[in-house]
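Novice: Here you go, one structure.
The values are calculated or read from the model by the stated rules, or taken from the named source; none is laboratory data. It should be emphasised that the depicted structure is a prediction, and the values quoted were computed from it without experimental measurement. FYI the Cβ positions are ideal-geometry reconstructions off the backbone, even for glycines, and counts take in every protein chain you see.
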Amino acid sequence: MTKSILITGCSSGIGLHAALTLNARGYQVFATARKPEDVEMLKAKGLNAIPLDLTDSESIAQAISIVLEQTSGQLDFLFNNGAYGQPGALEDLPTNALKTQFESNVFGWHELTRQIIPVMRTQGHGRIIQCSSVLGFVSMAYRGAYNASKYALEGLTDTLRLEVKDGNIDVILIQPGPINTQFRANALKAFNEHIDAEQSVHKVQYQQQMDRLSSETSNAKFTLEPIDVTHALIDALESKRPKLKYRVTVPTKMMAILKRLLSTRLLDKILAKG
C-alpha cells in the first residue's frame, strides 16, 4: 500500500530534496510551500504541491483539508521542516522579530501537528518527524532567536513523544548541523530587515556574520548536503524501530558528546570561537 507523507518547507534545500526523493521512491507526497511561485515550481517538478503558510491558521486548515480529501482521511507521515533563522544579538533583536520567528518555527508546527494527531489516532498509526538542528541543544552567539525556537521545538517534541505513545504514533527528531541550503540567504534577509547593525555595539561581529551569510555555500567544516538529511528521514520512515533522534553531520554528533562531558563554562569557551 502506498504511504502518504505531508512535508513542509519544500521550496528548496532539505524539504525539496526529501519531496523529490520520496516521490521517486513511491510515496504519495504532499509537498508544501508558502509562496505561489514556489508551489508552481514544485508542480513543474512533478510533485503534488499545496500552498501552506505556517503563520496562517486558515492556510494550515486548508492544506490539511486538501490532503485528507485525497487520502480518504488518512496520513501516514508528517515531516515538519519549514523554518528560517533570524540572526542578531538578543539585545538588538526587536521582540516582534522574535515573535515572528516563533510563529513560523514553533507555533505553526504545533498547530499543524495537533490537527494531524487525531487523524493518526483514528487510523491507529503514524510517524511525526521534526527537523530540528544542532542549535536545538547547543547555543551560539547571534543565533539566539533560532536557538530559542529550536530549543522550544525539542521540548515540545520530547513531551509529545510521551503523550502519543498510546496511539501507536512515533515522534522523531532529526538534528542536522551545517547543510548546504538557502538557509543563509533567508537568514541574511531577516537580519537586514530587523537588525540595525550600524548602531550596534556588535557592528564588527555583524560584518563577519554578514560575510558568512552572503556566501553561496557554507564555509563551515563538515558541511553536508540535503541528501544526508534525506537518508536519515528515510530510515525514520521505514525502520521498524526508528531512532528517537537522528544526528546528521559531524558537528552535531560532536556537540552531543561534548555537552554531556564538559562543564557549561568550558563548552561556552568552545562555542564562543564558532
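Novice: Pick from Ala24, Ala97, Ala63: which is surrounded by 22 or more Cβ atoms within 10 Å (Cβ to Cβ) and either in contact with a strand residue (DSSP E or B) (Cβ under 8 Å, 6 or more places away or on another chain) or modelled with pLDDT of 95 or more (or both)?
Specialist: Details: Ala24 fails: surrounded by 22 or more Cβ atoms within 10 Å (Cβ to Cβ); Ala97 fails: surrounded by 22 or more Cβ atoms within 10 Å (Cβ to Cβ).
One residue alone meets the criteria, Ala63.
Novice: Another question, if that's okay. State yes or no: is Asp211 acidic (Asp, Glu) and touching a residue at least 60 places away in the same chain (Cβ under 8 Å)?
Specialist: no
Here is a yes/no grid of residues against (1) closer than 26 Å to Ala148 by Cα; (2) among the hydrophobic types (A, V, I, L, M, F, W, C); (3) within 17 Å of the chain's Cα centre (by Cα):
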{"residue": "Gln62", "(1), (2), (3)": "no, no, no"}
{"residue": "Ile66", "(1), (2), (3)": "no, yes, no"}
{"residue": "Thr71", "(1), (2), (3)": "no, no, no"}
{"residue": "Asp76", "(1), (2), (3)": "no, no, no"}
{"residue": "Phe79", "(1), (2), (3)": "yes, yes, yes"}
{"residue": "Gly82", "(1), (2), (3)": "yes, no, yes"}
{"residue": "Asn96", "(1), (2), (3)": "yes, no, no"}
{"residue": "His110", "(1), (2), (3)": "yes, no, yes"}
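Novice: In addition: With the condition being in contact with a helix residue (DSSP H, G or I) (Cβ under 7 Å, 6 or more places away or on another chain), I'd like the helices (runs of 4 or more DSSP H) fully within region 3-83 carrying at least 2 qualifying residues.
Specialist: Values: elements: 13-24, 36-44, 57-70.
Result: 13-24, 57-70.
Novice: Now for a different question. Considering each residue of region 227-262, count those that are under 16 Å from Ile5 (Cα atoms), surrounded by fewer than 16 Cβ atoms within 10 Å (Cβ to Cβ) and not small (Gly, Ala, Ser), and give that number.
Specialist: Number satisfying all stated conditions: 4.
Novice: May I ask you to verify whether Asn48 is crowded, with 20+ Cβ neighbours inside 10 Å and either in contact with a Phe, Trp or Tyr (Cβ under 8 Å, 6 or more places away or on another chain) or among the hydroxyl-bearing types (Ser, Thr, Tyr) (or both)?
Specialist: Numbers: crowded, with 20+ Cβ neighbours inside 10 Å: no; either in contact with a Phe, Trp or Tyr (Cβ under 8 Å, 6 or more places away or on another chain) or among the hydroxyl-bearing types (Ser, Thr, Tyr) (or both): yes.
For Asn48, the condition - crowded, with 20+ Cβ neighbours inside 10 Å and either in contact with a Phe, Trp or Tyr (Cβ under 8 Å, 6 or more places away or on another chain) or among the hydroxyl-bearing types (Ser, Thr, Tyr) (or both) - is not met.
Novice: Let me ask something additional. Which ones in region 223-254 are assigned to a helix (DSSP H, G or I), of a type in the set (Asp, Glu) and more than 21 Å from Glu154 (Cα to Cα)? Please lay out each step first, then the result.
Specialist: So in region 223-254, the residues assigned to a helix (DSSP H, G or I) come out as 226-238, 250-254.
So of that shortlist, the ones also of a type in the set (Asp, Glu) come out as 228, 235, 238.
Correct list: Glu238 only.
Novice: Does Ile257 meet the test of being assigned to a helix (DSSP H, G or I), more than 28 Å from Ile116 (Cα to Cα) and β-branched (Val, Ile, Thr)?
Specialist: Answer is yes for this residue.
Novice: Separate question: Take the residues of region 66-84 that are among the small types (Gly, Ala, Ser) and buried (at least 23 other Cβ atoms within 10 Å of the Cβ): which is nearest to Met1 (Cα to Cα)? Give the steps one after another, and end with the answer.
Specialist: First pass over region 66-84, keeping only residues among the small types (Gly, Ala, Ser): 72-73, 82-83.
If we keep only those that are buried (at least 23 other Cβ atoms within 10 Å of the Cβ) too, we end up with 82-83.
Working: Gly82: 27, Ala83: 31 Å.
Taking the candidates together, the pick is Gly82.
Novice: How many residues are modelled with pLDDT of 95 or more and of a type in the set (Lys, Arg) when one looks only at region 144-179?
Specialist: Residues flagged as modelled with pLDDT of 95 or more and of a type in the set (Lys, Arg) within region 144-179 amount to 2.
Novice: Give me the pairs, please: first residue somewhere in region 14-32 and within 16 Å of Gln130 (Cα to Cα), second residue anywhere and part of a helix (DSSP H, G or I) and at pLDDT below 95, beta-carbon distance under 9 Å, and either six or more positions apart or on two chains.
Specialist: Ile14/Phe183
Novice: Across region 138-162, what is the total count of residues that are charged (D, E, K, R) and touching a helix residue (DSSP H, G or I) at 6+ places or on another chain (Cβ under 9 Å)? It would help to see each step written out before you state the result.
Specialist: Here is the first cut: in region 138-162, the ones charged (D, E, K, R) are 143, 150, 154, 158, 161.
From the residues that got through so far, the ones that are touching a helix residue (DSSP H, G or I) at 6+ places or on another chain (Cβ under 9 Å) too are 143, 150, 154.
Within region 138-162, residues that are charged (D, E, K, R) and touching a helix residue (DSSP H, G or I) at 6+ places or on another chain (Cβ under 9 Å) number 3.
Novice: For the structure I just gave you, tell me whether Asn96 is under 30 Å from Val204 (Cβ atoms) and not small (Gly, Ala, Ser). Give the steps one after another, and end with the answer.
Specialist: Working: under 30 Å from Val204 (Cβ atoms): yes; not small (Gly, Ala, Ser): yes.
Yes: the conditions hold for Asn96.
Novice: Further question on the same structure: Return the residue satisfying two criteria in turn: it lies in region 260-274 and is of a type in the set (A, V, I, L, M, F, W, C) and part of a loop (DSSP other than H, G, I, E, B), and of such residues it is modelled with the highest pLDDT.
Specialist: Taking region 260-274 first, the residues of a type in the set (A, V, I, L, M, F, W, C) are 261-262, 266-267, 270-272.
Within this subset, residues satisfying the condition of being part of a loop (DSSP other than H, G, I, E, B) are 262, 272.
Numbers: Leu262: 96, Ala272: 87.
The selected residue is Leu262.
Novice: Let me ask something additional. Is it true that Arg184 is among the charged types (D, E, K, R) and modelled with pLDDT under 95? Walk me through it before giving the result.
Specialist: Working: among the charged types (D, E, K, R): yes; modelled with pLDDT under 95: yes.
Yes: the conditions hold for Arg184.
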